[in-house]
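The values are calculated or read from the model by the stated rules, or taken from the named source; none is laboratory data. Since the structure is predicted, the reported quantities are computational estimates derived from the model, not experimental observations. When we count neighbours, we look across all protein chains shown, and the Cβ atoms used for this are built from the backbone with ideal geometry, even at glycine. Ligands, DNA and RNA are stripped out before the accessible areas are found, and what is left, the full protein with its side chains, is counted by its heavy atoms. Shrake-Rupley method; radii C 1.70, N 1.55, O 1.52, S 1.80 Å.
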Amino acid sequence: MEAKAHLKYVRISPRKVQIVLDLIRGKDTDEAMAILKNTNKIAAESLVKLLKSAVANAEHNFNMDASNLYVSECFVCPGPTLKRVQPRAQGRAFQILKRTSHVTLAVKEKEVG
């Protein structure tokens, strides 16, 4: 059994979020939290909240032991892209793509035995 938490429409590119998720995949929740708090990436701030939410869901909804949890699954999918226009020389316009992400993080209890 696993507890999940979702973070939708976060205004960070999926590529930037993926770098931070690769650091915490498979780690204990305490270790993952320490890694996120010491990672100098903008996505780490949002992922700290997401990890706390997943742990709280595990404790509250599934009666899991918080000290025995690890990050079993974490992935990011692209959300809708906001398209903006930047004026350029000689009346031209360049398109700016402001990407969004949907992040999913799941935690499981370690097998004892």
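Here is how the numbers come out for the structure above:
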read-out: Complete set of residues in the range 85-103 that are of a type outside the set (A, V, I, L, M) and either over 14 Å from residue 11 (Cα atoms) or not in a strand (DSSP E or B) (or both); value: 86, 87, 88, 90, 91, 92, 94, 95, 99, 100
read-out: Checking residue 111 against (1) within 13 Å of the chain's Cα centre (by Cα); (2) part of a loop (DSSP other than H, G, I, E, B), the condition it does not meet; value: (1)
read-out: Residues (in a helix (DSSP H, G or I), open to solvent by 60 Å² or more (accessible area, probe 1.4 Å) and in contact with a helix residue (DSSP H, G or I) (Cβ under 8 Å, 6 or more places away or on another chain)) located in the range 5-30; value: 16, 19, 23, 30
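One line per residue, one yes/no per condition, for (1) touching a helix residue (DSSP H, G or I) at 6+ places or on another chain (Cβ under 9 Å); (2) open to solvent by less than 80 Å² (accessible area, probe 1.4 Å); (3) closer than 26 Å to residue 24 by Cα:
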site: 66; (1), (2), (3): yes, yes, yes
site: 69; (1), (2), (3): yes, yes, yes
site: 75; (1), (2), (3): yes, yes, yes
site: 92; (1), (2), (3): no, no, no
site: 98; (1), (2), (3): no, yes, yes
site: 105; (1), (2), (3): yes, yes, yes
